[in-house]
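Undergrad: Sharing a structure, written as structure tokens. Questions coming.
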Amino acid sequence: MKLLGEFNPSLQNKCYAHPVRCVYGKAPTLAAVRRDYGEQVAVDWLVIELNDYQDFVGVKEEGKTTFDVINELSKMILGRYYYLKLSEMMLFFQKLKYGDYGEMYGRVDAVRILRALKLFITDRNEIIDKHEQEESSRKRIAAKKNAISYQEYLARKNKTQYKAI
């Protein structure tokens with residue numbers, strides 16, 4: 001499936017390098033994946049990301065979280081965070097790998113993952129706020145370039161009035 005090839009764990013580092021693009025880019029949301037490909041594909045995509053995380057942190061095979069738990073966790077993430085784009089989820093998993101939301105020892109704890117997602121939403125909101133402030137500032141600067149003084153406005157207004165007469 002093309003979707004699984006385009007959005008696979010090997011691209012997480014690119015997402016980490018470009019967080020604004022992750023939030024504002026054209027990647028589909030979890031809800032769009034569920035709508036277009038079915039719920040099971042969205043869940044499977046999350047299972048792949050979660051298993052990649054387990055492998056990354058070195059959880060031994062006998063200590064890995066069971067498939068049932070990973071599957072349930074995936075459904076919970078899909079249910080609550082349906083509005084996140086796949087790129088945002090990949091950014092989250094990369095930040096999780098960096099230890100930005102704490103560390104996990106010996107096994108992946110579903111509750112800690114869900115808590116980490118709450119923290120990620122705060123980080124995401126900061127990315128959005130910063131981007132919106134930068135855009136607003138950029139627009140203000142552009143508007144100032146085209147601005148005229150009140151005196152210039154009056155002079156232009158008077159010229160327009162005299163031409164109409």
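The values are calculated or read from the model by the stated rules, or taken from the named source; none is laboratory data. Just so it is clear, the model here is predicted, and its values are computed rather than measured. Methodologically, a virtual Cβ is constructed for each residue, glycine included, from the backbone with ideal geometry; neighbour enumeration extends over all protein chains shown. For accessibility, only protein heavy atoms count, side chains too; no ligands or nucleic acids. Shrake-Rupley method; radii C 1.70, N 1.55, O 1.52, S 1.80 Å.
Undergrad: Please enumerate the residues belonging to region 60-84 that are of a type in the set (Lys, Arg) and either more than 15 Å from Asp44 (Cα to Cα) or touching a His at 6+ places or on another chain (Cβ under 8 Å) (or both).
TA: Scanning region 60-84 gives Lys60, Lys64, Arg80.
Undergrad: Could you count how many residues in region 102-129 are within 19 Å of Val23 (Cα to Cα) and not basic (Lys, Arg)? Steps first, answer last, please.
TA: Residues of region 102-129 that are within 19 Å of Val23 (Cα to Cα), as a first pass: 116-129.
Those left that are additionally not basic (Lys, Arg): 116-117, 119-123, 125-129.
Residues that pass the stated criteria total 12.
Let's see how each residue does on (1) open to solvent by 70 Å² or more (accessible area, probe 1.4 Å); (2) outside any helix (DSSP H, G or I):
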{"residue": "Leu4", "(1), (2)": "no, no"}
{"residue": "Ala32", "(1), (2)": "no, no"}
{"residue": "Asp44", "(1), (2)": "no, no"}
{"residue": "Asp68", "(1), (2)": "yes, no"}
{"residue": "Glu72", "(1), (2)": "yes, no"}
{"residue": "Tyr83", "(1), (2)": "yes, yes"}
{"residue": "Lys95", "(1), (2)": "no, no"}
{"residue": "Val111", "(1), (2)": "yes, no"}
{"residue": "Leu114", "(1), (2)": "no, no"}
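Undergrad: Is it fair to say Met90 is open to solvent by 30 Å² or more (accessible area, probe 1.4 Å), at pLDDT 95 or above and of a type in the set (A, V, I, L, M, F, W, C)?
TA: no
Undergrad: Moving to a separate point now. Going through region 12-30 one residue at a time, which ones are among the aliphatic types (A, V, I, L, M) and exposed (fewer than 15 other Cβ atoms within 10 Å of the Cβ)? Write out each step before concluding.
TA: From region 12-30, those among the aliphatic types (A, V, I, L, M) are 17, 20, 23, 27, 30; that's our starting set.
Matches in region 12-30: Ala17, Val20.
Undergrad: I would also like to ask the following. Counting just the residues of region 46-63 that are open to solvent by 60 Å² or more (accessible area, probe 1.4 Å) and hydrophobic (A, V, I, L, M, F, W, C), which one comes out nearest to Lys85 (Cα to Cα)?
TA: The qualifying residue nearest to Lys85 (Cα to Cα) is Ile48.
Undergrad: I've got another one for you. Scan region 41-54 and report the pairs whose first residue is touching a residue at least 40 places away in the same chain (Cβ under 8 Å) and whose second residue is open to solvent by 10 Å² or more (accessible area, probe 1.4 Å) and in a helix (DSSP H, G or I), with Cβ atoms within less than 7 Å and a gap of 6+ or a chain change.
TA: Note: pairs meeting the criteria are Trp45/Leu4; Ile48/Pro9; Glu49/Pro9; Asp52/Pro9; Tyr53/Lys97.
Undergrad: Something else about it: Would you point out the residue of region 122-145, among those that are among the β-branched types (Val, Ile, Thr) and without any contact (Cβ under 8 Å) to a residue 24 or more places away in the chain, that is farthest from Thr65 (Cα to Cα)?
TA: Pass one, region 122-145, residues among the β-branched types (Val, Ile, Thr): 122, 127-128, 141.
Then keep just the ones that are without any contact (Cβ under 8 Å) to a residue 24 or more places away in the chain; that gives 122, 141.
Working: Thr122: 27, Ile141: 52 Å.
Residue satisfying both the conditions and the ranking: Ile141.
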